[in-house]
1. Which of Glu77, Glu86, Glu227 comes first, and how do the rest follow, when ranked by fewest Cβ neighbours within 10 Å?
2. Can you list residues from other chains, or at least 5 along the same chain, whose modelled amide H is less than 5 Å from the amide H of Leu482?
3. Could you compute the longest span of the chain free of chymotrypsin sites (Phe, Trp or Tyr not before Pro) located in DSSP loops and having at most 16 other Cβ atoms within 10 Å, not counting the site residues?
4. Can you tally the net charge around Gly344? Count Lys and Arg as +1, Asp and Glu as -1, for every other residue whose Cβ sits under 10 Å from the Cβ of Gly344.
5. Given Cβ point charges of +1 (Lys, Arg) and -1 (Asp, Glu) and nothing else, what value in debye, to the nearest 20, does the dipole of the stretch 4-100 about its Cα centre take?
6. Can you tally the net charge around Arg33? Count Lys and Arg as +1, Asp and Glu as -1, for every other residue whose Cβ sits under 12 Å from the Cβ of Arg33.
7. Would you mind ranking Met226, Met206 by Cβ crowding within 10 Å, fewest neighbours first?
8. Run through every distinct alpha carbon pair of the stretch 429-510 and return the Kirkwood hydrodynamic radius in angstroms, one decimal place.
Amino acid sequence: MIDTSELPTSIPSLKLKCVAIDTYKENVAYLHRNCGLYRSEGFQALSKIEIHTANSTQPVIAVLNVVDDASITNIDELGLSEQVYEQLGIPEGSEVFINHATPPESLKSVHKKIAGEKLDYQQYLHIIQDIVNNRYSKIETAAFIVGCAETGMERDEILHLTHAMVDTGERIDWGEDLVCDKHCIGGIPGNRTTMLLVPIIAAHGMLMPKTSSRAITSPAGTADTMEVLANVDLSLRRLHEIVSQQRAFLAWGGTAKLAPADDVLISVERPLSMDSTGQMIASILSKKIAAGATHLLIDIPIGPSAKVHTHMEALKLRKLFEYVGDNMGLHLEVVITDGSQPIGRGIGPVLETQDVMKILGNEPNAPIDLKEKALQLAGRIIEFDPDVRGGQGYAVARDILESGRALTKMNAIINAQGCNNTPIQVGKLQYDLCAEDTGIVKAIDNLKIASIARLAGAPMDKGAGIYLHKKVGDKVKKGEALFTIYAEFNADFTFAKNAALLDNSYQIDKL
């Protein structure tokens, strides 16, 4: 507990007020421009302040915003955004004190990285600790991200950053020597293999507790899609219970404090449209290791509109993943897959769920490409099992799927997590985008088709998205539907329709 008598006597206390603003991964405080403190102590907008209470052992750090509206924050109040208010943990109206914040010592290391210097583990650890403890503003975090991206990171630096991100959060221990996980680096719409892998692997008896993310820039993440079928927002205690019963789950990973710096870094990377190799590898592997994985399969799709364009790029990326994984004690394998077009037919949570359940149900109209890719990946994971010979995993996975055991396991996982008893329907507004010429589909742009699906409302509106009628290699007649847009709201429907009419993402060779 601090001695408030040590605070400058000229600085009066302020009344705490919660300002109902979600500042997403950044602590923000609000001070009225006519507040005596603002005028007398030289506080400035976007400077950082320390917030003290009479009972606090450590101050809370926040970025200062200045307001002119007394209905937001009065002249005798300190307003706090929702995130920092929760951290402080005291009721509104409580007495608080503020000081100028001391710049984090680790910023010196950020400046070194910007200048092109190599950082060691301790330097990365101090940076990540300060980010997790909200000592960095988003401007300072952006400087760190840009420094790493523009000057590059050697493989040892990627390892140091991964270690630091794991060491500053919680780690789950499932109590077993073989815990499976899988990750795709992304960029391919409809690539919902995880929802097929998990029940297949669990039906084989292997442990696969799958914590997944919600979509950041795609039309659906695994958690968004699974949420169509079941509850994905579960406590860590409940997840342990489900694992003991079913050997697997498919849940959102945001409830556990696993590599918490990653969420902050992503919140800055997204608006910057930056996804550097070093940051990406550290992000993926830190989350998997913290989630308790011992054996991990990485899927790197390659294609003209995928994240990785060439086989050579994929090989370089694979070597980096393997180097960091090996040094972190993780059994890691990388597969390079076809990312030349979307996988499956549906793009968007409900439409992707329909694809998954058709495959699990062995229905004749199930998308073959999604099924085949899922079996190939499942086979590789099953071969982590020391009792399965190399090359036999695919046959084992196919038998589990075709026998119906995978569907039975999926239904059991859904019931264990809490079945969604109110089915979500596809969007009521529909539009068929038709071919202007007769020909053969030569290419589909992943980025553009994903953008159209997001404009339609996916993933926020789970029934929104796109259903693909034609894939690469298919013949199409003039006037025949290439895909159907589904939307729930008129504005989204209009945006998606206009974007598709401007550029439908299909390249067709005329006959």
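1. Least crowded to most crowded, the residues run Glu86, Glu77, Glu227.
2. Result for Leu482 returns Leu433, Cys434, Ala435.
3. The longest uninterrupted stretch comes out as 25-488.
4. Net of charged neighbours comes to +3.
5. With Lys and Arg at +1 and Asp and Glu at -1, about 180 debye.
6. -1
7. In order of increasing Cβ crowding within 10 Å: Met206, Met226.
8. Kirkwood hydrodynamic radius for the stretch 429-510: 12.5 Å.
No lab work stands behind these numbers, since they all come straight from the coordinates. Given the structure is predicted, the values throughout are model-derived calculations rather than measurements. When we count neighbours, we look across all protein chains shown, and the Cβ atoms used for this are built from the backbone with ideal geometry, even at glycine.
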